[in-house]
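The values are calculated or read from the model by the stated rules, or taken from the named source; none is laboratory data. Just so it is clear, the structure is predicted and the values come from calculations on it, not from any experiment. So basically every Cβ, Gly included, is an ideal-geometry build from the backbone, and we count neighbours across all protein chains shown. What goes into the accessible areas is simple: the full protein's heavy atoms, side chains included, and nothing from ligands, DNA or RNA. Shrake-Rupley method; radii C 1.70, N 1.55, O 1.52, S 1.80 Å.
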Amino acid sequence: MEELAKYFEDLDEARRIRRERADWSFIQNLPPRQRAALQYYIETGDLYVASRIAGMSMEEFNDLRRRAKIPST
């Protein structure tokens, strides 16, 4: 049980870091699909699904993530 609690704490910490470091003004000025994909990535850390939402390859989406200053945690 302690391991599971630690796992969820780590997920919450990663989400908090992604939220804090993201360049929200950059994100808000993107087209809706890219904005939604970055918001999904911030909440989940799932690069694959986020890239599908954006309609981009994982490499293209990862570049967008870097431009939005979102760390890969």
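Filter the stretch 36-73 for residues that are part of a helix (DSSP H, G or I) and in contact with an Asp or Glu (Cβ under 9 Å, 6 or more places away or on another chain); which is farthest from Phe26 (Cα to Cα)? Among those residues, the one meeting the criterion is Ser51. How about the stretch 23-44: which of its residues are open to solvent by less than 40 Å² (accessible area, probe 1.4 Å) and touching a helix residue (DSSP H, G or I) at 6+ places or on another chain (Cβ under 6 Å)? Answer for the stretch 23-44, where residues must be open to solvent by less than 40 Å² (accessible area, probe 1.4 Å) and touching a helix residue (DSSP H, G or I) at 6+ places or on another chain (Cβ under 6 Å): Ile27, Ala37, Leu38, Tyr41, Ile42.
The set of residues from the stretch 20-38 being of a type in the set (Lys, Arg) and either more than 22 Å from Gly55 (Cα to Cα) or at pLDDT below 95 (or both) comprises just one member, Arg21.
In the stretch 3-12, the count of residues that are within 19 Å of Thr73 (Cβ to Cβ), open to solvent by 60 Å² or more (accessible area, probe 1.4 Å), of a type in the set (Lys, Arg) and in a helix (DSSP H, G or I) is one or more.
Output yes when any residue across the stretch 17-25 is of a type outside the set (Gly, Ala, Ser) and touching a Leu at 6+ places or on another chain (Cβ under 7 Å), and no when none is. No, that holds for no residue.
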